[in-house]
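The values are calculated or read from the model by the stated rules, or taken from the named source; none is laboratory data. Bear in mind that the values here come from a model prediction, so they are computed numbers and not experimental data. No Cβ is skipped: glycine too gets one built from the backbone with ideal geometry, and neighbour counts run over all protein chains shown. Accessible surface is based on the protein model in full, side chains and every heavy atom, while ligands, DNA and RNA are left aside. Shrake-Rupley method; radii C 1.70, N 1.55, O 1.52, S 1.80 Å.
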Amino acid sequence: MNANNNAIKLHPSWLEQIGTEFEKPYMLELKKFLVAEKHAGKIIFPAGSLIFNALNSTPFEKVKVVILGQDPYHGPGQAHGLCFSVLPGVAFPPSLQNIFKELQQSLNIPFPQHGCLQGWAEQGVLLLNATLTVEQARAGAHQGRGWEVFTDAVIHALNDKREHIVFILWGSYAQKKGHFIDGNRHRVLKSPHPSPLSAHRGFFGNGHFVEANNYLQNRGLTPIDWSYLPLPN
């Protein structure tokens, strides 16, 4: 899992902030685990080149909004390194459908033709899962292996060294993970998760997309165009 490995490239802005994590014992153990899983014939998502897609798509100094997810999707062709996002041609998972419903209700944005959120990432929305890999058909298979420590380091760097970021925490897992975020330096938005089990308990109508943009604009920052979802190159 060396950041200088040819198979894994990390944006220089993130290397500067968290590059030392790759030499820590937990990360070396995580690398051993992933190598062993691959040697055992396990199928791991996303592809190695996309594990750090969230960080590579949204450089450290460009982050305006952070949306925290939990695990990558564990079905073939779904995960590509951005939480909640799927590649074009893949059916919308239920949580993503509900995200688009909330956008439709709150901002009158019609459902897009695809579920790839790369356009958000390139505007400054860090779409970060807590765990960056998963085994096919085994949700949560790579939890507790070290990824959570790594992604905590990502959040700590943003919390401590940046100001005026909107952190969107949907569901108890994300809220627990983001418990240390400084609400005086940043805006923290919380609601139930968009999953079908909880969306009707307060995700729908939470107004987070509107509130995030209001916060950014009030600080002289360009808001996110939530309708901007072009097909990736």
Considering region 201-233, residues that are part of a helix (DSSP H, G or I) and open to solvent by 70 Å² or more (accessible area, probe 1.4 Å), and then whichever is nearest to residue 62 (Cα to Cα), we arrive at 217
Here the residues within region 127-150 that are in contact with a helix residue (DSSP H, G or I) (Cβ under 6 Å, 6 or more places away or on another chain) and open to solvent by less than 20 Å² (accessible area, probe 1.4 Å) are 127, 128, 130, 131, 132, 146, 150
Residue hits (region 182-198; aliphatic (A, V, I, L, M) and either open to solvent by 20 Å² or more (accessible area, probe 1.4 Å) or over 19 Å from the mean Cα position of the chain (by Cα) (or both)) are 188, 197
*asked:* So, residue 153, is that one open to solvent by 10 Å² or more (accessible area, probe 1.4 Å) and assigned to a helix (DSSP H, G or I) or not?
replied: yes
Of those in region 8-65 that are closer than 19 Å to residue 128 by Cβ and aromatic (Phe, Trp, Tyr), the residue most open to solvent (accessible area, probe 1.4 Å) is 26
From the option list 77, 115, single residue qualifying as on the phi > 0 side of the Ramachandran plot and without any contact (Cβ under 8 Å) to a residue 40 or more places away in the chain is 77
Expected single match for out of contact with any Ser or Thr (no Cβ under 8 Å at 6 or more places or on another chain) and of a type in the set (Gly, Ala, Ser) among 171, 183, 207 is 183
The lone condition residue 5 fails out of (1) open to solvent by 10 Å² or more (accessible area, probe 1.4 Å); (2) at pLDDT 95 or above is (2)
